[in-house]
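Working notes for the structure below.
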Amino acid sequence: MKNILEENPSLKKNKIILKKAKDELELSQITREERIPVEICETAAEGSKLAAKEVAELIKEKQSSGEKCVLGLATGSSPIAMYDELIRMHKEEGLSFENVITFNLDEYYPMDKESPNSYNFFMNEHLFKHIDIKPENINIPDGTVSLENLKQSCREYEKKIDAAGGIDLQILGIGRTGHIGFNEPGSNMNSYTRLVSLDELTIRDAAKDFGGIDNVPKGAITMGVGSIFKARKIILLAWGDKKSAIVRKAVEGKVKDDVPASFLQRHENAKYIIDMDAAGELTRVKTPWKVGSCDWTPSLVKRAVAQLCLATGKPILKLTNKDYTDHNLDELVVSYGSAYNVNIQVFNELQNTITGWPGGKPNADDTKRPERREPAQKRVIVFSPHPDDDVISMGGTLRRLVEQNHDVHVAYQVSGNIAVADYELLRPMLLMKNYLEENGDTASKTYKNLTEYLSQIGEQETFEKVTPNILHLKGLLREEEAKSGCRHVGVKDGNAHFLRLPFYETGKVKKDDLSQKDVDIVKEFIRSIKPHQIFAAGDLMDPHGTHKVCLEAIFLALDQIKEDGDEWLKDCWVWMYRGAWQEWPINEIEMAVPMSPSELRAKRNAILRHQSQMEAAPFMGSDSRLFWQRAEDRNRETAELYNKLGLAEYEAMEGFVRYIP
């Protein structure tokens with residue numbers, strides 16, 4: 001018998017219309033806190049492809065009618081993957097840019113056009129030199145114009161946009177201050193292209209690209225909020241956890257000048273395209289029970305209960321039915337039958353994450369423990385992206401693993417050589433020179449090379465001119481610090497391994513893409529150990545991006561080993577830690593390793609062995625605390641959260657999440 005919808009096309013059409021209306025109603029309910037359209041994609045890669053598709057469709061639409069397509073473009077990390085997809089479309093699908101005119105949002109001031117840090121250089125490297133756009137159609141604010149001619153240059157930039165017919169589509173990123181372009185907090189809705197001073201947080205975020213905070217220009221030329229608003233359509237891109245807080249302010253908060261991105265709420269055709277991480281603080285993601293019915297996964301239940309405890313000031317086992325209903329959590333009470341049933345389940349699940357035996361406890365019932373008991377002595381690899389992430393992120397756990405007789409190996413994936421300040425290297429070189437000269441030998445040639453290099457660059461360090469010899473010495477310095485840190489937590493000298501992955505060894509802040517050569521190095525090292533446990537950095541907030549690349553190398557290596565059919569891999573568990581930049585949310589932690597006050601001090605001392613990474617480190621990010629301070633504060637906060645929920649009280653805790661391919 002035929003489907004009734006096939007026999008009645010009008011009925012089928014009506015059903016589609018009804019479903020669309022129902023979907024729109026549900027979407028309007030869960031997005032009711034959002035004051036501007038937001039499209040959430042699973043990953044940044046998916047979001048970038050979506051944005052590139054919209055750009056490409058507009059270009060083709062304009063081409064078909066014989067018109068120019070005027071694009072406003074952004075720099076920074078957010079649009080790079082979108083540009084990559086546009087390049088792919090040009091090369092593989094024939095997308096032409098001959099009818100495209102571009103206007104970039106901003107440029108540092110002062111800034112030479114040929115500098116690797118200029119937005120001229122950025123746009124050429126990431127887009128223009130790979131497509132068929134006409135050079136005369138490219139427009140970027142001039143960072144070389146004299147100060148006395150700057151106002152006139154800015155006025156001419158505005159006139160040029162108007163002469164081109166205005167911007168059809170403006171691409172934006174968002175800074176952690178809420179800036180769009182370089183319109184920092186306090187910018188006016190009626191502001192136009194001008195010179196601005198950069199916010200301290202913006203300068204800190206840019207430090208990674210300039211080899212240190214002191215090298216970042218303090219000013220920039222930017223299109224104003226008023227300039228941006230003249231665009232007929234605006235798409236703002238945001239990726240990653242570190243953008244989530246400001247995205248929520250800009251999307252769900254009121255329009256105000258201390259969050260310039262909030263002005264976009266008033267534009268008639270603006271929207272956000274963001275990934276799940278950047279959406280993490282939006283109401284529909286963080287507290288979805290406040291805007292609609294939920295799919296209550298175990299992780300979401302734990303998150304809701306933890307937030308309820310903090311909101312009420314009560315431990316889990318004291319929460320009542322009224323507490324749940326007063327905080328929009330009626331569904332949980334109904335689903336579980338009572339607050340008591342929810343409380344007991346969540347309490348037990350969190351209790352079972354706590355263990356003093358990160359490698360598994362021998363001769364113990366492991367049915368409710370995070371790690372298996374067999375084999376009693378495991379082979380363990382701790383992957384550390386930089387030569388200090390191991391002790392910063394899991395120094396207490398590392399020490400426990402060694403003390404509990406596991407065969408622990410630490411693999412440092414990159415040299416970290418560009419993160420050593422020049423004067424940190426000069427001290428040991430002076431010591432070596434004096435010692436060797438006293439003993440009838442000399443290190444004068446190496447010493448001379450170093451001092452000449454330092455005199456050439458002057459007071460400001462530049463990581464673009466450093467010589468291979470100096471980089472090698474800096475790498476050796478970090479390796480010796482890493483060995484010292486290992487010895488402090490008990491790791492054998494022969495069990496500290498330095499992989500020196502090639503993607504990192506450019507001698508510059510900008511690194512190469514990950515290659516199969518990098519993956520092969522990781523793969524062969526893993527095979528040489530055949531571990532039962534692997535610990536890897538899942539901390540993707542690292543401002544330099546190295547952690548993400550290093551984690552990708554591990555995952556690709558494991559995938560390839562699995563494809564090759566290595567049987568031992570079936571017995572290997574992978575645990576991810578987070579480091580100096582963030583901690584796992586409590587609802588995601590699957591293993592929590594407690595530390596006593598003395599163990600926390602031991603961890604601090606291991607971190608302090610990395611002396612070159614104290615105040616001299618150029619890539620500290622936006623957090624002014626030293627690495628050991630961040631680690632201690634984070635570990636104490638995790639322990640305090642467990643305590644507030646009514647679980648055991650510890651001095652500090654390190655958290656881990658298991659990765660299952």
So the compactness index of region 130-173, its C-alpha Rg divided by 2.2 N^0.38 Å, takes the value 1.36
Descending accessible area (1.4 Å probe), largest on the left, turns Lys233, Lys302, Lys151, Lys68 into Lys151, Lys68, Lys233, Lys302
By accessible area (1.4 Å), largest first, Asp241, Asp112 order as Asp112, Asp241
Restricting to aspartates and glutamates and to Cα separations under 14 Å from Lys60, and discarding same-chain partners fewer than 8 apart, the set is Glu93, Glu98, Asp168
Excluding ligands, DNA and RNA, the carbon-plus-sulfur percentage of the accessible area of region 341-387 with a 1.4 Å probe reads 44
Rounded to one decimal in nm, the spacing of the 7 Å Cα→Cβ label points at Lys68 and Arg176 is 3.9
Square roots of five times the C-alpha gyration tensor eigenvalues of region 561-603, ordered largest first and given in whole Å, equal 31, 14, 11
Region 387-420 scanned against label point 7 Å out from Asn363 along Cα→C-beta; backbone N under 16 Å for 404-405
Taking N as the number of residues in region 54-139, the ratio of its alpha carbon radius of gyration to 2.2 N^0.38 Å works out to 1.09
Within region 271-338, pairs of Lys residues whose Cα atoms are less than 27 angstrom apart, provided they are eight or more positions apart or on distinct chains, add up to 14
Given a Förster distance of 51 Å, the FRET efficiency implied by the Cβ-Cβ spacing of Ser96 and Asn190, rounded to the nearest 0.05, works out to 0.90
Rounded to the nearest 0.05, FRET efficiency between Arg32 and Phe555 (Cβ-Cβ, R0 45 Å) equals 0.75
Expressed as a percent, the accessible surface of region 116-225 that is carbon or sulfur, using a 1.4 Å probe and the full set of protein chains, is 49
Expressed in angstrom and rounded, the centroid-to-centroid distance over alpha carbons for region 80-126 and region 356-376 is 53
Normalised per residue, the volume inside the convex hull of the alpha-carbon atoms of region 214-360 in Å³ amounts to 204
Taking only the alpha-carbon atoms of region 107-264, the convex hull volume per residue, in cubic angstrom, is 125
In units of 2.2 N^0.38 Å, the Cα radius of gyration of region 178-265 is 1.10
Taking region 136-240, the lysine pairs whose C-alpha atoms sit under 26 Å apart (8 or more places apart or on different chains) add up to 9
The relative contact order of the chain, taking Cα pairs under 8 Å that sit 6 or more residues apart, comes to a percentage of 12
Contour minus Cα-Cα span, Asn605 to Lys510, at 0.36 nm per residue, comes to 31.0 nm
Given the candidates Tyr577, Leu514, Asn417, the one whose Cα lies deepest towards the positive end of the charge dipole of the chain, counting +1 at each Lys or Arg C-beta and -1 at each Asp or Glu C-beta, is Tyr577
Taking every C-alpha to C-alpha distance in the chain and binning by 20 Å from 0, the per-bin percentages run 16, 44, 34, 6, 0, 0
Under a 1.4 Å probe, counting only protein heavy atoms, Glu42 has an accessible area in Å², nearest 10, of 120
Links exceeding 30 Å between C-alpha atoms in this model, out of Lys249/Lys644; Lys68/Lys242; Lys91/Lys113; Lys243/Lys562; Lys49/Lys510, come to Lys68/Lys242; Lys243/Lys562
Eigenvalues of the alpha-carbon gyration tensor of region 327-424, times 5 and square-rooted, give semi-axes in Å, largest first, of 38, 23, 9
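The values are calculated or read from the model by the stated rules, or taken from the named source; none is laboratory data. Because the structure is predicted, anything quoted here is derived from the model rather than measured. Here the Cβ is made from the backbone with ideal geometry for all residues, glycine too, and neighbour counts use every protein chain on show. Remember, those area values only see protein heavy atoms, side chains included, never the ligands or the DNA or RNA. Shrake-Rupley method; radii C 1.70, N 1.55, O 1.52, S 1.80 Å.
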